[in-house]
1. Which one of the conditions (1) modelled with pLDDT of 95 or more; (2) within 16 Å of ligand 2 (Cβ to nearest atom) does residue 292 fail to meet, given that it meets all the rest?
2. Being in contact (Cβ under 8 Å) with a residue 40 or more places away in the chain and aliphatic (A, V, I, L, M) is the filter here; which residues of segment 277-295 pass it?
3. Read through the list (1) crowded, with 22+ Cβ neighbours inside 10 Å; (2) more than 16 Å from ligand 1 (Cβ to nearest atom); (3) part of a loop (DSSP other than H, G, I, E, B), then give the number of the only condition that residue 175 fails.
4. How many residues are assigned to a strand (DSSP E or B) and touching a residue at least 40 places away in the same chain (Cβ under 8 Å) when one looks only at segment 257-269?
5. Quick one: how many residues across segment 247-297 are touching a Pro at 6+ places or on another chain (Cβ under 8 Å) and small (Gly, Ala, Ser)?
6. Just checking, which of 247, 252, 218, 272 is under 29 Å from residue 123 (Cβ atoms), within 12 Å of ligand 1 (Cβ to nearest atom) and in a loop (DSSP other than H, G, I, E, B)?
7. Filter segment 112-139 down to the residues that are among the hydrophobic types (A, V, I, L, M, F, W, C) and closer than 17 Å to residue 69 by Cα, then identify the one that is surrounded by the fewest Cβ atoms within 10 Å (Cβ to Cβ).
8. Which one of these is more than 10 Å from ligand 1 (Cβ to nearest atom) and closer than 21 Å to residue 193 by Cα: 316, 266?
Amino acid sequence: MAASKSELDLDVVGFGNALVDVLSHQEDDFINQIGSTKGAMNLVDAERSAELYDLIEERVTVSGGSAANTVIGVKSFGGSCGYVGRVATDDLGDVFSSDMTQLGIEHTTPRAPTDDPTGRCIVFITPDGERTLNTFLGASNGLTPADVDLELIARAKLLFLEGYLWDPPEAKAAMRYAASAISDGAQVALTLSDQFCVERHRPSFLDLIDDHVDVLFANHHEVMSLFEVDRIELALDLIQERVDLAAITMGADGSVLITPDGRTSIGADPVARVVDKTGAGDLYASGVLYGLARGYDLERCGQLGSIAAEEVIRHIGPRPETSLRQLAGKLV
Ligand SMILES: Nc1ncnc2c1ncn2[C@@H]1O[C@H](COP(=O)(O)OP(=O)(O)OP(=O)(O)O)[C@@H](O)[C@H]1O
Ligand SMILES: [Mg+2]
């Protein structure tokens, strides 16, 4: 659908699994006992999700979902945003929806019926700040092309797709459908989301990248897995030829922004105590996307990414607690 650039009134439209997060602190032994892969996104069914929920005593429940966290970060920088993601007509769906409305994010995706419950992600945070996800996708997984609001997509400067949603065939079709419907002058960004997700979908991710993706977000494990190489340098060389911009994060070592013309390294300020890494990658993406939507240079985009990621790892939960616009000061 073509729209002129002046009609692109949304900086970023996010597209992903709409989830509510249940966060709890646990020791490493606990992760071993339940058999989850530490630091990864482990998919679980409804029954297993309920079992894990019953194992934990103290928990915090907050709205999450990777791309949803990212658009909320963009909003916190002062941007305008929309979101495509499916929740159910149930209590958790109400929580998610009212959070989006309160934050001023346009979320028009039709709700699933009650017997297809809202997805939830049980997050175990270990003493090193690492997060281990156990995700029951629920209603989020049932997104189809018919759920995509093409008018919302056509208003986006950047459409941000979440790799986590690349499992169900209908959702894949929905993401491709949305990517084909962006307006002239708009761009498609993709996050690879998770190393194991890349292992499951390597060839089709590469096809998606070649067909639609202008901006790619990944951490160093994910980009190495994409090209099946064991040295980050090799992966960076390969991604450089593939997209207009690749933003590759490397935890405490910061990130690198790569274009066909060159590379810009971005440092990460040392964070004395990483409380909870949940959302680091999501919020990093929010800073870069906000900067791109504003037409800032790459160094400034990367710095905004670092500021947002550093904010979110200092506290529990995947969404910023302090205004990112204020934290960014003169950078925005
Ligand atoms: N220990 C740290 N100290 C400072 N900054 C950090 C630290 N860890 C992460 N960051 C910041 O967060 C950004 C993204 O982190 P990382 O590479 O861990 O993403 P990720 O693996 O996608 O994270 P997650 O999936 O857990 O959200 C980094 O580029 C950096 O700016
Ligand atoms: Mg990540």
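1. Residue 292 satisfies all of (1) modelled with pLDDT of 95 or more; (2) within 16 Å of ligand 2 (Cβ to nearest atom) except (2).
2. 283, 285, 288, 289, 292, 293
3. (3)
4. Of segment 257-269, the ones assigned to a strand (DSSP E or B) are 257-259, 262-266.
This time we only want the ones that are touching a residue at least 40 places away in the same chain (Cβ under 8 Å), so: 257, 266.
Total meeting the criteria: 2.
5. The total comes to 2.
6. Among 247, 252, 218, 272, only 272 is under 29 Å from residue 123 (Cβ atoms), within 12 Å of ligand 1 (Cβ to nearest atom) and in a loop (DSSP other than H, G, I, E, B).
7. Filtering first and then ranking leaves 133.
8. 316
The values are calculated or read from the model by the stated rules, or taken from the named source; none is laboratory data. Since we're looking at a predicted model, the values are computed, not measured. All Cβ positions, glycine included, derive from the backbone under ideal geometry; neighbour counts span all protein chains shown.
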